[in-house]
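Report on one structure; see the data block that follows.
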Amino acid sequence: MAKVLKATDAVIVGLGWTGAIMARELTRAGLDVVALERGPDRDPAADFALPAIRDELRYSVRQELMQDPKMETVTLRHRLDDKARPVRRFGAFLPGDGVGGMGTHWNGNTFRFLPSDHNLRTHLTERYGRARIPDDMTIQDWGVTYDELEPHYARFEALCGVSGKAGNIGGRIQAGGNPFEGPRSGEYPNAPLVSSHANELFRRAATELGLHPFPAPASNSSAPYRNPEGAQLGACQYCGHCDRFGCEANAKATPLSTLAPALGKAPGFRKVTNAYATRVLYDAQTRRATGVRYIDLRSGETYDLPAEIVILSAWVFGNTRLMLLSGIGQPYDPRAGTGVVGKNYCYQIQPTVQLFFKDEELNPFMGAGGLGMVVDDFNGDNFDHADLGFLGGGYISLNSTNGRPISFRPTPPGTPAWGAAWKRETAKWYRKTALVLCEGMNYASRANSIDLDPTYRDMFGQPLLRMTFNFTQNDRAMADYLLGKAAEIGRAMNATIVAPQPRKGDFNVVSYQSSHNTGGTIMGRTPADSVVNRYLQSWDAHNLFVLGSSVFPQNAGYNPTAAAAATAYWCADALVKTYLKSPSPMVQL
Ligand SMILES: Cc1cc2nc3c(=O)[nH]c(=O)nc-3n(C[C@H](O)[C@H](O)[C@H](O)COP(=O)(O)OP(=O)(O)OC[C@H]3O[C@@H](n4cnc5c(N)ncnc54)[C@H](O)[C@@H]3O)c2cc1C
Ligand code: SF4
């Protein structure tokens, strides 16, 4: 029997980037807000101090800051006729847990999506004709445009003190930036990070090939920076322990470093940690969310927290699962093509090229999360697909992120995987190797989806989320194309050994690829094609809002957090300026 708590104005489930942004905006508007977070609280000064925070075994291998699959995991099948099996150890992607969510242990690459990523179906139809989009490629427009989101992208960049070089300010192309990006209202708040030697080899080669290299925009502050919330960031130390770790220099923008100080002072804000949400309380007759049910993981008690507004910001899996468990919206059926909740689950495809240089010293141990050199020439629809057998693309980059002793052991093809020869080769090449990465997009396809698993359950006996996912023909053709381009850059860098690593076979959950999962509660134009409208407001309950990359109808060839944050700001703006004045559906059909 649940204990009913005192009602609040708004309850937020999940306190990562998107939940923290919404909490800040709603408390600024004067609302009482309770944020429920299933994981623990974190204090960067105490928890991320040297030397403990550089413990690779603890944070990277044993994944201390991440979701514990023993408590809740997902199951995976590649095809609709397969039986799904539980993922016992997260590998391909690493869901977050605790205040700050994944934003605590992200890298900080802070890319805006291309304008055409936001109106993809319209864009591709206009350029190539409707017949060019395969029937089972269930891509669609977001319902909100890049131009509408631009101020919100800019706001997130200011919050994080992003280090970068603009390529297009107000339609004017800027030397040294990304000429393919959408028009921006201004320059990045910080200058780019100091480039590595490997970055410079990449830049030179890409330029010689006629491409347009630019420094990756990074939420690793290149200089001390005070953000508009009054939070002070330090300067990045290029420590090489960024992704999977907290930042001891407070230079990485995270929800803890950028928003928590202001939230801590906000009257009306309260966070409840170790609070595992199990349901959105939903009144189907009045079509309203009435609050959230959660279990206190320390006491085992169940609570109902009534609220006027419910926000889901529990990432792709949490958002979709809570909608399904709560019976809100019609579950997607991939065979019939009906329903929406769980539809258009997408990932990314990332072929890589490992380079080895006999005569270069690359010192990989000096790096930063978002330190990279990038070309966008083969991303999205930045190149002509008329004569190609696929749609989409991805950026190609050389990232100098880390050379950590346990997991950074690249060796040339043919090297034995253990023993004296392996030791000799790792020592020989450790300082002389770099990886070129292709961040291949993944367009929605009819079968790739998420639903509730009929067999496997979590620690409280609730169905786990089941992922049906595999790479499509389009993904594989695109990945091969990108890989060819990446290898060409590697050869132009005069690498001694160029070792392409194609993505072959079925999607596997063992090796890390990216935590850039999207979809499941997608946005769109009508209840028939989406879970939420253009303001991320549920079609089935006007006081329920869903944030994060679960609302993207398909994935892009970029890291997704800037787009997730921009849409969270966009949603908050609509909520505060429009919804609070007259609580009702903000899109009338
Ligand atoms: C190693 C790594 C590197 C990355 N690098 C980059 C990068 O360079 N650039 C980029 O753009 N992105 C990167 N990402 C992805 C990025 O971190 C995420 O896109 C972003 O942080 C997601 O924010 P969010 O608020 O949507 O979700 P999250 O940060 O996942 O927050 C959701 C929160 O909800 C909580 N929650 C879930 N279910 C429940 C429940 N039932 N009850 C209560 N709480 C719940 C979780 O504990 C979590 O804290 C990286 C991710 C990882 C893991
Ligand atoms: S690389 Fe820079 S931003 Fe990342 S953890 Fe190290 S000091 Fe912090």
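Since every read-out is calculated from the coordinates, none of them should be taken as a lab result. Since the model is a prediction, treat every value here as computed from it, not as a measurement. Please note: Cβ atoms are built from the backbone with ideal geometry, for glycine as well, and neighbour counts cover all protein chains shown.
Here are some notes:
- Only helices reaching 27 angstrom along their own axis (Cα) with mean Kyte-Doolittle hydropathy no lower than -1.0 count here, and for the DSSP H runs of the chain these are 473-492.
- The loop-placed trypsin sites (Lys or Arg not before Pro) in the range 494-540, going by DSSP, that have at most 16 neighbouring Cβ atoms within 10 Å of their Cβ come out as Lys504, Arg525.
- The chain, relative contact order [Cα under 8 Å, separation at least 6], %: 22
- If R0 is 25 Å, the Cβ-Cβ spacing of Asp359 and Phe383 corresponds to a FRET efficiency of close to 0.15.
- Remark: the range 521-533, residue by residue, has Karplus-estimated 3J(HN,Hα) of 10, 6, 9, x, 9, 9, x, 6, 10, 7, 8, 10, 7 Hz, where x stands for each Gly or Pro and the curve is 6.51 cos²θ - 1.76 cosθ + 1.60 at θ = phi - 60°.
- Near Gly393, the amide H atoms lying under 5 Å from its own belong to Gly380, Met441; only residues 5 or more places off or on other chains count, and H is placed 1.01 Å from N.
- For the pair the range 218-263 / the range 457-494, the C-alpha centres are spaced 30 Å from each other.
- Asp453 long-range amide H proximity, modeled H, under 5 Å: Leu464, Leu465, Arg466
- Radius 10 Å from Cβ of Phe356, net charge of other residues (Lys, Arg +1; Asp, Glu -1): +1
- Here the range 345-379 is scanned for amide nitrogen atoms under 13 Å from the site 7 Å beyond the Cα of Lys428 along Cα-to-Cβ, giving 356-359.
- Eligible lysines near Lys432 by straight Cα distance, threshold 18 Å, same-chain separation 8 or greater: Lys358, Lys423
- ³J(HN,Hα) computed for each position of the range 70-87 - Karplus, 6.51 cos²θ - 1.76 cosθ + 1.60, integer Hz, glycine/proline x: 5, 8, 7, 9, 10, 10, 10, 9, 8, 10, 4, 8, 6, 8, 7, 10, x, 7
- Total formal charge among the other residues, if their Cβ is under 9 angstrom from that of Tyr282, Lys/Arg +1 and Asp/Glu -1: +1
- Normalised convex hull volume, the chain, alpha-carbon set, Å³ per residue: 148
- The chain - mean residue ellipticity at 222 nm from DSSP helices (-39,500 (n - 2.57) per run, n ≥ 4, rounded to 500): -6500 deg cm²/dmol
- Rounded D (µm²/s) - the range 99-243, Kirkwood Rh over Cα pairs, Stokes-Einstein at 4 °C, 1.567 mPa s: 75
- Close amide-amide hydrogen proximity is noted between Arg288 and Asp283, each under 5 Å apart and 5 or more residues distant or on a separate chain (H modeled in the peptide plane; Pro and chain starts excluded).
- Electrostatic bookkeeping for Tyr225 treats Lys and Arg as +1 and Asp and Glu as -1; over the other residues with beta carbon under 13 Å from its beta carbon, the sum is 0.
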